[in-house]
2 protein chains.
Amino acid sequence: MTQRTSTSEWPCPIAKAVDELGDGWTLLIMRDAFRGARRFDDFHRSLGIGRNILTERLRVLVDRGLLSKRPYSDHPPRYEYRLTDKGREVWPVLASMAAWSDQWLNGPEGPPVVYRHQACGHDMHAEVVCSECREPVDVRAMRARRGPGFPSGLDDPWLP
Amino acid sequence: MTQRTSTSEWPCPIAKAVDELGDGWTLLIMRDAFRGARRFDDFHRSLGIGRNILTERLRVLVDRGLLSKRPYSDHPPRYEYRLTDKGREVWPVLASMAAWSDQWLNGPEGPPVVYRHQACGHDMHAEVVCSECREPVDVRAMRARRGPGFPSGLDDPWLP
């Protein structure tokens, strides 16, 4: 996937996000950052991927501003990775994936993980709602149109 | 990414979802299905990917039950791909990606696409909220613990 076409310039918010997040290891590195991983070896132990792949993915996440890298040791030089605001706001995406997963992918024994929202004190799952009416979003009730950032002169058969 | 480690058996809802959705082309194929694409050539024209890659990704999406495949022509044999319930419920994940994208990836000209929620009649973005208190989820207020589907005897340093 590192070699695939960049979709960052496509005039579509989903395609832009896919360019930054649409990679399995990247999503799992972010998951681990949300779980508390900070050091290279935390991610390496958890994911069991090659060090070169992990190094590359972490570098891209730092370059794009989802993680920040800062030294925690000078001798030897060692770094830890912290979520930035941009990175922290990926959590709702992963939380919605977790909710879909619990709906569709669990075995009969039930969910492997239970999430509690400490702010309200309840076990919960994520729901994705409309910012205006607060009802769950259903794609059949959505309509998309070109916005101010859509390039003029470009055709898109699906966008009025 | 087709060759990567399967994470479908990891005891984590995010890892399970990543196994089904954590691939750039897969997410973009789903995006196009939500936009109205049904036929192979719809997807092919929109995405500009190789026919072999598209064929493989569509096959996996059908195998996993996110799309259904049915004939629309016998001579020559031609098929269309429709969202299943499982596939349609991926929309909240993509909608939350679009909201993150609009927050962090737009240029000064603004969003390329505007979404309207026909059910309430307003332009909107997706928000990810707690199923119990309806407040937006913030990872700093979340706690995860082992659920009934977590394999006994398995260690996870991040899960009590």
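For region A:104-160, the dipole from Cβ point charges (+1 on Lys and Arg, -1 on Asp and Glu) about the Cα centre works out to 200 debye, to the nearest 20.
Chain A and chain B together bury an accessible surface of about 8800 square angstrom, both sides counted, with a 1.4 Å probe and no ligands or nucleic acids included. The residue list A:33, A:151, A:136 was ranked by how far each Cα lies along the charge dipole of chain A toward its positive end, using unit charges on Cβ atoms, and A:33 comes out on top. With a cut-off of 11 Å between beta carbons, the residues surrounding residue B:144 carry a summed charge of +4, where Lys and Arg count +1 and Asp and Glu -1. A Stokes-Einstein calculation at 20 °C with viscosity 1.002 mPa s, built on the Kirkwood radius of region A:21-160 over Cα pairs, returns a diffusion coefficient of 118 µm²/s.
I need the shape label for the protein assembly as shown. Rule: rounded when a/c is under 1.5, else prolate if a/b > b/c, else oblate, with a, b, c from the alpha carbon gyration tensor. Rounded. Our note on the geometry: Cα centres of region B:117-160 and region A:100-142, 6 Å apart. Our coupling estimate for region B:95-102, obtained by passing each phi through the Karplus curve with A = 6.51, B = -1.76, C = 1.60 and θ = phi - 60°, is 5, 6, 5, 5, 5, 4, 4, 5 Hz, Gly and Pro reported as x.
Dividing the mean sequence gap of close Cα pairs (under 8 Å, 6+ apart) by how many residues region A:44-112 holds gives a relative contact order of 18 percent. About its Cα centre, the dipole of chain A is roughly 480 debye, where the only charges are +1 on Lys and Arg Cβ and -1 on Asp and Glu Cβ. Close lysine pairs were tallied over the protein assembly as shown: pairs 8 or more places apart or on different chains with Cα atoms under 27 Å apart number 9.
Heavy atoms only, probe 1.4 Å: what % of the accessible area of region A:1-132 goes to carbon and sulfur, would you let me know? That share works out to 45 percent. Entry note, chain A: relative contact order of 14 percent, from Cα contacts under 8 Å with a spacing of 6+ residues. Counting only protein heavy atoms and a 1.4 Å probe, region A:20-111 has 46 square angstrom of accessible area per residue. When nucleic acids and ligands are ignored and a 1.4 Å probe is applied, residue A:133 ends up with an accessible area of around 40 Å². Spin-label pair residue A:75-residue B:118: with each label point 7 Å from Cα along the Cα-Cβ axis, the two points sit 6.9 nm from one another.
In order along region B:107-114, phi translates into HN-Hα couplings of x, x, 6, x, x, x, 9, 10 Hz, rounded to whole numbers, per the Karplus curve 6.51 cos²θ - 1.76 cosθ + 1.60 with θ = phi - 60° and x for Gly and Pro. The calculated FRET efficiency for residue A:135 paired with residue A:68, based on their beta-carbon distance and R0 = 35 Å, is about 0.45. Sequence-distant contacts, meaning Cα pairs under 8 Å at least 6 residues apart, place the relative contact order of region B:1-90 at 22 percent. Looking at B:101, B:79, B:111, which one has the Cα that reaches farthest to the positive end of the dipole of region B:74-114 (charges on Cβ: Lys, Arg +1; Asp, Glu -1)? Value computed over the given set: B:79.
The values are calculated or read from the model by the stated rules, or taken from the named source; none is laboratory data. As the structure is a prediction and not an experimental result, all values here were calculated from the model. Here Cβ is always computed from backbone atoms with ideal geometry, including for glycine, and neighbour counts include all displayed protein chains. To get the accessible areas, we keep the full protein, side chains included, count just its heavy atoms, and leave off ligands, DNA and RNA. Shrake-Rupley method; radii C 1.70, N 1.55, O 1.52, S 1.80 Å.
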